[in-house]
Amino acid sequence: MKRTYKKRALFDSKKLGQLVFGLFIVFIAYKILTPPSDETARIASPDGSKTARLRTFFYYDNQPSYKIYYRETGKRAWLNLLYLPAYTNTPPEATEAGIEWSADSEQLFFTINGSSIWHHAFE
């Protein structure tokens, strides 16, 4: 019984085309499912040990959502502290969001129009 083997190429052009098409579909799905966002604020703590970041997301038209992240100096990963799906107490066009550190860098405040609506105490 004679067996004949066919040598196959390492990269088949048909499979490569399917892979590229699949990656393209994943990229398009990511762009569709990821909402538009802005980095509203990024501030360092007064003692320089942490950095906080406020991002505004627009899942719906004219209704911003907010996420607050922080990271310690020298680390790469941002940790999520707060996700506020929608703040509806003021009209979106009149809302001015911001973040502030306390003087001792132990608390982070989330402010809307100058009033603190949330804070996080670091240990």
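None of the figures in this text is laboratory data; all of them are computed from the coordinates on show. Just so it is clear, the model here is predicted, and its values are computed rather than measured. FYI the Cβ positions are ideal-geometry reconstructions off the backbone, even for glycines, and counts take in every protein chain you see.
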Select from 87, 77, 41 the residue farthest towards the positive end of the dipole of the stretch 37-121; place +1 on Cβ of Lys and Arg, -1 on Cβ of Asp and Glu, and compute about the Cα centre. 77
With +1 assigned to the C-beta of every Lys and Arg and -1 to the C-beta of every Asp and Glu, and no other charges, what is the dipole magnitude of the chain about the Cα centre in debye, to the nearest 20? 1960
Equivalent ellipsoid dimensions for the chain as semi-axes, Å, which come from the Cα gyration tensor, largest first: 48, 21, 10
Where does each of 102-111, 3-12 land if you order them by average Cβ count within 10 Å, highest first? 102-111, 3-12
Report, to the nearest 10°, how far helix 13-33 tilts away from the longest principal axis of the Cα atoms in the chain, using its own Cα long axis and a range of 0 to 90°. 20
In whole Hz, with x marking every Gly and Pro, tabulate ³J(HN,Hα) for the stretch 98-113 from phi via Karplus 6.51 cos²θ - 1.76 cosθ + 1.60, θ = phi - 60°. x, 10, 9, 9, 6, 5, 8, 6, 9, 10, 10, 10, 9, 10, 10, 6
